[in-house]
Amino acid sequence: MKKIFIVLIVLTSHSISFSQWIEQSTPSPSFNLFSFSFPSVNTGFAVGYGNRMIKTTDSGNNWFNISIFPNTAENLNSIWFINENSGWMCSTNDTLYQTTNSALTWTRQMKLQSDGQKIFFVDSNTGWILAQPRLYKTTDAGSNWTVVSTQMGNYFTFVSANTGWMATYPGGGSIIHKTTDGGSTWTAQLSTSSFRNIYCFKFINESTGWAAGYREYILKTTNGGLNWIQQRDMNNSVGLVSMDFINENTGWAVGGSGYSLYTVNGGTTWNQININNNGGNVKFLNSNTGWIIGSKVFKTTTTGLVCRSLQLNALIEGFYDNVSNSMINDTATVYLKNSFSPYNNVDSSKAVLNSNGAGTFNYFNATNGVGYFIVIKHRNSVETWSSAVQSFVSNSLNYNMTTSQSQAFGNNLMQVNNSPVRFALYSGDTNQDGAIDASDLSNTDNDAVNSRTGYVNTDVTGDNFVDAQDISIVDNNAIGAVSVVRP
């Protein structure tokens, strides 16, 4: 069976033009891998041409071979694990295999009516196996499988136990179908033409998804497939056959001879990156860690792109102790905004400001040499802007809000120490409406009366208790009519 693979990644900026996919060392033979499954970040399995199966238990740092069909040349087409022990594999000998001991041994669970082509689960209980033209389904974690359709195309996906899509190829183009009963019945939604064949789908929810295939043809829907909008059509011979999206903006696709695309704006624009991999299948385990597996194995821990790193120093008034010149650690979200009105968000990052007020904030959508306002938001501090736009140089930017009041737009910082001189973000905006006023004071007073504890916005000192000290800080800043100052 011929295998074509392409990886599609969507990110949130059109300006990034280089990737951070690192090739992993794998044991011989180097036959193409068709499918992989990571039941955890550390444990993964991959299968492919000529009886090849490899496994890792240390997140891909080391891989080792597993032999399932000694002295045969069966192609292992698809593999899926629902946990580190329980998994299934299908091959070109019309059989479904199961393991319950993390691939140490495999048993023949069921004879299929044809070659098993794809295994897919939406949760630990519900999954499907395509052995064209039949679709098998389980709802009890693989204990039993039932044929639910005998008219399947080559490519399918599901987003829930009931809702899924498939593509058939009647000749000349593809037809996209949808099911709402777990695959028993399918309704045609769209027909393509001129060999714009669909090879893969990716849905992030029941409304929003993408379909892609031959000619770099890409479609998107935001209403569950009622309408499909063309995003790309290059009229070439490249086929996109594996897609994954991290969120509604960020995703990837991979094809032959290292051809790959990414988008950072939901597919409005697509950008090409060469990854030295013939074919491939793409999947992300979380928002940062992903794999592309084909003729080679690649891994990323940075969403596939090099990030821009902001080294920020910012103190929080109520959390800061001027005797020790240190503060209680807490998280903050830092936005990068355009330098021009209406100052739209370009990217955001959440990280911890440590006892020195230092934190590292990483961005995938910023561009070197472009000016951005740095905007700091903390759960009970006033939103604070940098005094001027700042730019990344060689993917790095340092900014210190603690050394001078003029580091903030409108000098909107409070001096919290004379020796050494230190400035901090104003504390007390407990409802995050941009101003410290009577409503914040009322919230804090009520929680103090009720002796509220824990990680709450009215705890402006960060000691997990709402008391008179918190009230005092909010009251002082309310009297001073402290509020956000923006360009």
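The values are calculated or read from the model by the stated rules, or taken from the named source; none is laboratory data. The structure displayed is predicted, hence computed values, not measured ones. Neighbour counts are summed over all protein chains in view; Cβ atoms, including those assigned to glycine, are modelled from backbone coordinates with ideal geometry.
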Checklist entry - Considering only residues of the range 472-487 that are within 18 Å of I328 (Cβ to Cβ) and touching a helix residue (DSSP H, G or I) at 6+ places or on another chain (Cβ under 6 Å), which is surrounded by the most Cβ atoms within 10 Å (Cβ to Cβ)? => result V474
Checklist entry - in the same structural domain as K283 (by TED's automatic domain parsing) and modelled with pLDDT of 95 or more, is that true of N144? => result yes
Item to check | Matching residues in the range 156-170 - criterion: being at pLDDT 95 or above and either touching a His at 6+ places or on another chain (Cβ under 6 Å) or of a type outside the set (G, A, S) (or both) | outcome: F156, T157, F158, V159, N162, T163, W165, M166, T168
Checklist entry - If you scan the range 140-186, which residues turn out to be charged (D, E, K, R) and either assigned to a strand (DSSP E or B) or closer than 16 Å to W228 by Cα (or both)? => result K178
Next on the checklist: Any residue in the range 424-447 that is over 17 Å from I316 (Cα atoms) sitting within a Cβ distance under 6 Å of a residue that is small (G, A, S) and surrounded by fewer than 24 Cβ atoms within 10 Å (Cβ to Cβ)? List the pairs, counting only those 6 or more apart or interchain.
Outcome noted: D437/A478; L441/A478
Checklist entry - Here are some conditions: (1) hydroxyl-bearing (S, T, Y); (2) at pLDDT 90 or above; (3) surrounded by 15 or more Cβ atoms within 10 Å (Cβ to Cβ); (4) within 22 Å of G255 (Cα to Cα). S13 meets all but one. Which one does it not meet? => result (2)
Next on the checklist: Of the conditions (1) buried (at least 16 other Cβ atoms within 10 Å of the Cβ); (2) touching a Leu at 6+ places or on another chain (Cβ under 7 Å); (3) acidic (D, E), D94 satisfies every one except a single condition; which number is it?
Outcome noted: (1)
Checklist outcome for this item: Expected single match for under 30 Å from S28 (Cβ atoms) and among the charged types (D, E, K, R) among K337, K377, K296 is K296
Item to check | Members of the range 160-212 that are over 21 Å from G116 (Cα atoms) and of a type in the set (A, V, I, L, M, F, W, C) | outcome: I175, I176, A188, L190, F195, F203, I204, W210, A211, A212
Checklist entry - Which of the strands (runs of 3 or more DSSP E) contained wholly in the range 187-250 include at least 3 residues that are crowded, with 24+ Cβ neighbours inside 10 Å and in contact with a Leu (Cβ under 7 Å, 6 or more places away or on another chain)? => result 209-213
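For the range 321-371, which positions are β-branched (V, I, T) and closer than 28 Å to V421 by Cα?
V323, I328, T331, T333, V334, V352, T360, listed by residue number.
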Checklist outcome for this item: In the range 270-286, residues that are modelled with pLDDT of 85 or more and either closer than 17 Å to W63 by Cβ or polar (S, T, N, Q) (or both) total 4
Checklist entry - Which one of K337, K350 is surrounded by fewer than 16 Cβ atoms within 10 Å (Cβ to Cβ) and closer than 24 Å to G251 by Cα? => result K350
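Here is a yes/no grid of residues against (1) buried (at least 24 other Cβ atoms within 10 Å of the Cβ); (2) in the same structural domain as M414 (by TED's automatic domain parsing):
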| site | (1), (2) |
| --- | --- |
| G266 | no, no |
| G294 | yes, no |
| A314 | yes, yes |
| Y320 | yes, yes |
| A332 | no, yes |
| V346 | no, yes |
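Each row is one residue, and each column tells you yes or no for (1) touching a residue at least 24 places away in the same chain (Cβ under 8 Å); (2) among the acidic types (D, E); (3) in contact with a helix residue (DSSP H, G or I) (Cβ under 6 Å, 6 or more places away or on another chain).
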{"residue": "G294", "(1), (2), (3)": "yes, no, no"}
{"residue": "F298", "(1), (2), (3)": "yes, no, no"}
{"residue": "T302", "(1), (2), (3)": "yes, no, no"}
{"residue": "A314", "(1), (2), (3)": "yes, no, no"}
{"residue": "V323", "(1), (2), (3)": "no, no, no"}
{"residue": "M327", "(1), (2), (3)": "yes, no, yes"}
{"residue": "T333", "(1), (2), (3)": "yes, no, no"}
{"residue": "Y343", "(1), (2), (3)": "yes, no, no"}
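Test of understanding: among G87, G60, which residue is at negative phi and assigned by TED's automatic domain parsing to the domain that holds G182?
G87
This table checks each residue for (1) of a type in the set (D, E); (2) closer than 21 Å to V147 by Cα; (3) touching a Ser or Thr at 6+ places or on another chain (Cβ under 9 Å).
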position	(1), (2), (3)
V47	no, no, yes
K55	no, no, yes
N65	no, no, yes
I68	no, no, yes
S78	no, yes, yes
N83	no, no, yes
T95	no, yes, no
Q109	no, yes, yes
Checklist outcome for this item: (1) under 22 Å from F203 (Cα atoms); (2) surrounded by 15 or more Cβ atoms within 10 Å (Cβ to Cβ); (3) of a type outside the set (D, E) all hold for N286 apart from (2)
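Among the residues of the range 43-69, what is the count of those that are assigned to a loop (DSSP other than H, G, I, E, B), of a type outside the set (S, T, N, Q) and either touching a Lys or Arg at 6+ places or on another chain (Cβ under 8 Å) or surrounded by 13 or more Cβ atoms within 10 Å (Cβ to Cβ) (or both)? Spell out the reasoning first.
Residues of the range 43-69 that are assigned to a loop (DSSP other than H, G, I, E, B), as a first pass: 43, 57-63, 66-69.
The next check asks that each one be of a type outside the set (S, T, N, Q); those that pass are 58, 60, 63, 66, 68-69.
Narrowing further to those that are either touching a Lys or Arg at 6+ places or on another chain (Cβ under 8 Å) or surrounded by 13 or more Cβ atoms within 10 Å (Cβ to Cβ) (or both): 60, 63, 66, 68-69.
Going through the range 43-69 one residue at a time, the tally reaches 5.
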Next on the checklist: Just to verify a result, which residue in the range 444-469, among those that are touching a helix residue (DSSP H, G or I) at 6+ places or on another chain (Cβ under 6 Å) and hydroxyl-bearing (S, T, Y), is surrounded by the fewest Cβ atoms within 10 Å (Cβ to Cβ)?
Outcome noted: T461
Checklist entry - With (1) in contact with a Lys or Arg (Cβ under 9 Å, 6 or more places away or on another chain); (2) in a helix (DSSP H, G or I) as the list, and A448 as the residue in question, which single condition is left unmet? => result (1)
